[in-house]
Amino acid sequence: MRKVEAADADMVIISDSLPSGEPSISPFEATTLLAALATVTDRIGLVASASTLAHQPYNLARRFASLDIISHGRTGWNATMRQNPREAANFSRPEGFSDDDFRRRAKEFIDIVRTLWVGWEHDALLFDKASGRFHDPDKMHPMDFTGEFFSVRGPLNVARSPQDSPLLLLSDLEQADFDFASRRADVVLLNEPKPPEAKAACDKLRHRAREAGRDPLSIKMLTVADARQEPDGASLEALCLASGCDGVVLTVQPHPAAFEDFSERLLPQLKRHGLIEAHPGKTLRDRLELDKDGWP
Amino acid sequence: MTPRQMKLGLFLWATGHHIAAWRHSDAHVRAGIDIDHHVKLARTAEAAKFDMVFCEDAAGLREANVQIASQTSRSIGFEPISLLSVLAVQTERIGLVSTASTSYNEPYGLARAFASLDNLSGGRAGWNLVTSASPIEAANFGATGLRPHADRYARAREFATVITGLWNRRAAGHDGESFSVRDPLDVPPSPQGAPVMVQAGASDDGKDLAARTADVVFSAAQTFEEAKAFYDDLKGRLAAYGRQPDDVKIMPGVAPIVAATRAEAQAKYDALQELIPDEVGVALLSSYLSISDLWRYPIDGPLPELPEGEGMKSRQALVIEQARRDGLSIRQLARYFAGARGHWRLVGTASQIADELQARFEGGAADGFNVMPSWFPGELDAFATLVVPELQRRGLFRTDYEGRTLREHLGLKRPIRN
């Protein structure tokens, strides 16, 4: 991971299951691995995948707020919008959800997490030993939410994190998810395999963001490519240009040989070609030139 | 053969265990947002050869009244699995135990998280199983009310069965009352076989579940007689589950304040007690008693008669017993329990504290202790530099780790894998 950081990559995204739906072969669950990596790296952004089926929103909001504090503002959450039937069967949902139900549930889940993240105002903690006031009670806001799938009183029992909100990445999008993604996501991972399809998806998301009153450039679009099939910087640059994306997420298999090829050969080559560069700023939002989240 | 030695856990709690710890001039007031502080505490405990660090947890605020809550440091802290993941790579030998509730988790998810933590730490992870008794937590998980005590334990029993099955690689395919799980765990087994199982419930249901599944039991007792009765009761229940007395380590909480002289230790304690606002003390006492209107009664009068609630039954009984025995007023009780939350308070020199610990250990009332420093880092440093060497001189505590894993520190068998 330090090699990836030294090559000035913006972030690593730690998957928690294989896209096929097969169980992960990593010895580490993604958020626990993220915490460990946070303490042995300094600059690189750290994004963990975590499923809305495997967690409760209150628990997951706490986990990521903590990780953001631990990493000094370098954390993101990759939330998949599609359910994995295998996971449902291991989480007391043998029948799973219908696609529509799962979509509504995922949106409700994500919005609860984002609201919990900003439940404490920036200056809520007073630390005043003499007067005995640890925090200002008026700057701590319960959410008192009752929805279709969850009800959560809040507030979070973790302080406001350095990024205010850890980054929200959305992936595995279907057409029906585009409206939500265009309003909420900081980063979208586009799984479209061909550049014209990726470009269409990218344009559509930016268009919808504009319609929703959001700066379309405030969402970073990343196209997903396989590190094994991308021999050099030129092909990646072409992919980026043709897809209209802001960057590329390279998938690397969790095997030492694959990782070595990626970090020893491909990354230094991309850096030599000026395709990756160091960004100023300490937090992941700074690195990606994203605003602090103003929502809600 | 090495004589029997006591086990020591360090009970982490950001600013310290005393309710007013954060106001102490020596306490690190930003502890709840400072990860380096926690790393330092764990390393101090590791240098002193503690068996483990232990994190308490609640999935919600600890105090519903915002005015009260804002006068304590307990509304914020690190989510413990993230915290222990950090400690796993920042320490080498010490065990890492965290609380997680069976009420608001799923066994497959927790099994993955703790197995992952066990792999990250080279076999040093432990899970403290709790059922959640707080209506504040319940309101964060869609519950309209707290579930009855018996239901919480039925769910916890099923949870423990499923999670140990997953860790021990027994065939999956569980389809029960509260949970269904199809696949085996997708995280490889750790050097320890399975994370250590810890429990703290002291009700009848709690003790029975502990006798069935726990490797370590944390308890709270004021007097030697209480501690001994609990110890004998729990160890006596093991045979019914085919277990030996030594398969479970019983570690009562102890909140020491130590100094070079008895008078100096007492002065430290008194100064800390003075920092407790009455309304905070009474609110905390109310929560142990599971009633909401204790403030209506005269603060210098006696505790009123109370009905038994659905909350923490054992703690409620302990408070009432203490009040009747010592004839304490509400204010006195509030101060007393605010200091160590019902745990055993020791104030004295290293030698006096070692005497007390030795008496309970050798008297068959404890296998070790869960140490609850009153404020951090000062009182941990004092315990590590004054009391631990005294225990070592007496041959009561190790001078170096016997092994690598938490099971090895505790002298526990590896779980049997079917």
**OP:** Keeping every protein chain in place, order A:GLU277, B:GLU305 by accessible area at 1.4 Å, biggest value first, i.e. largest first.
**Re:** B:GLU305, A:GLU277
**OP:** Please list the non-local residues whose amide H lies under 5 Å from the amide H of B:GLY95, H modeled 1.01 Å from N, same-chain partners needing a gap of 5 or more.
**Re:** B:MET52, B:VAL53
**OP:** Sticking to Cα atoms, compute the Rg of region A:73-195 to one decimal and its Dmax as the biggest Cα-Cα distance, whole number, in Å.
**Re:** 17.9, 63
**OP:** Could you name every residue in region A:129-169 that has 40 Å² or more less accessible surface in the full protein assembly than in its own chain alone (probe 1.4 Å, ligands and nucleic acids excluded)?
**Re:** A:LYS129, A:GLY132, A:PHE134, A:HIS135, A:PRO137, A:MET140, A:SER151, A:ARG153, A:ASN157
Subject >> Reduction of at least 40 Å² in accessible surface, 1.4 Å probe, comparing all protein chains with the chain by itself, residues of region B:108-137 >> reply: B:TYR108, B:ARG112, B:SER116, B:LEU120
**OP:** Could you state, as a whole-number percent, how many of the C-alpha pairs of region B:48-138 are farther apart than 15 Å?
**Re:** 62 percent
Subject >> For chain B, calculated [θ]222 nm from helices alone, where every DSSP H run of n ≥ 4 adds -39500 (n - 2.57) >> reply: -12000 deg cm²/dmol
Original post:
What does the accessible area of A:SER151 come to, in Å² to the nearest 10, when a probe of 1.4 Å is used?
Top reply: 30 Å²
Original post:
Which angle between 0 and 90 degrees, to the nearest 10, do you get for helix A:57-70 versus the longest principal axis of chain A when only C-alpha atoms count?
Top reply: 70 degrees
**OP:** Calculate, for the protein assembly as shown, the solvent-accessible area per residue in square angstrom, rolling a 1.4 angstrom probe over the heavy atoms of the protein chains.
**Re:** 38 Å²
Subject >> Residue-averaged [θ]222 nm for chain A, counting only DSSP H segments that reach four residues, each worth -39500 (n - 2.57) >> reply: -10000 deg cm²/dmol
**OP:** Return a whole-number percent for the relative contact order of chain B, with Cα pairs under 8 Å and 6 or more residues apart as the contact set.
**Re:** 24 percent
Original post:
What ranking of A:LYS282, A:LYS199 comes out by heavy-atom accessible area, probe 1.4 Å, highest first?
Top reply: A:LYS282, A:LYS199
Original post:
Applying the Karplus parametrisation 6.51 cos²θ - 1.76 cosθ + 1.60 with θ = phi - 60° to the phi angles of region B:166-178, what ³J(HN,Hα) value in whole Hz is obtained for each residue in order, glycine and proline being reported as x?
Top reply: 5, 5, 8, 6, 6, 3, 7, x, 7, 9, x, 5, 9
Original post:
Treating the beta-carbon of each Lys and Arg as +1 and of each Asp and Glu as -1, no other charges, what is the dipole magnitude of chain B about its Cα centre, to the nearest 20 debye?
Top reply: 860 debye
Subject >> Max mean-square fluctuation residue, GNM over chain B, Cα-Cα springs under 10 Å, options B:GLY123, B:GLY364, B:GLY176 >> reply: B:GLY176
Subject >> Summed buried accessible area for A+B [probe radius 1.4 Å, Å², rounded to 100] >> reply: 4700 Å²
Original post:
Based on the Kirkwood radius over alpha-carbon pairs, what is the Stokes-Einstein translational diffusion coefficient of region B:314-418 at 25 °C with 0.890 mPa s viscosity, in µm²/s?
Top reply: 149 µm²/s
**OP:** Rank B:ASP381, B:ASP186, B:ASP26 by mean-square fluctuation in a GNM of chain B with C-alpha springs under 10 angstrom and give only the top-ranked residue.
**Re:** B:ASP186
Original post:
How crowded by other chains is A:99-109, given as the mean number of beta carbons from other chains within 10 Å of each beta carbon?
Top reply: 0
Original post:
Could you give me the ³J(HN,Hα) list for region A:254-264, computed from phi with Karplus coefficients 6.51, -1.76, 1.60 and θ = phi - 60°, whole Hz, x at Gly and Pro?
Top reply: x, 10, x, 5, 5, 5, 5, 4, 5, 7, 8
Subject >> 1.4 Å probe, heavy atoms, protein only - residues of region B:16-31 losing at least 30 Å² accessible area vs chain alone >> reply: B:TRP22, B:ARG23, B:VAL29, B:ARG30
Original post:
Over the protein assembly as shown, what percent of the accessible surface lies on carbon and sulfur atoms, probe 1.4 Å?
Top reply: 50 percent
Original post:
Given a Förster distance of 51 angstrom, what is the FRET efficiency for A:LYS3 paired with B:GLU264, based on the Cβ-Cβ distance and rounded to 0.05?
Top reply: 0.45
**OP:** Please identify, among A:ASP136, A:ASP101, A:ASP128, the residue showing maximal mean-square fluctuation in a Gaussian network model of chain A using a 10 angstrom Cα cutoff.
**Re:** A:ASP128
Subject >> Inter-centroid distance (Cα atoms) of region B:306-380 relative to region A:122-136, Å >> reply: 29 Å
Subject >> Size of charge dipole - the protein assembly as shown - debye, nearest 20, with Cβ of Lys, Arg +1 and Asp, Glu -1, no other charges >> reply: 1060 debye
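The values are calculated or read from the model by the stated rules, or taken from the named source; none is laboratory data. Please read all numbers here as calculations on a predicted model, not as lab measurements. Don't worry about glycine lacking a Cβ; one is built from the backbone with ideal geometry, like all the others, and counts go over all protein chains shown. Note: accessible area is taken over every heavy atom of the protein model, side chains too, but ligands, DNA and RNA are not part of it. Shrake-Rupley method; radii C 1.70, N 1.55, O 1.52, S 1.80 Å.
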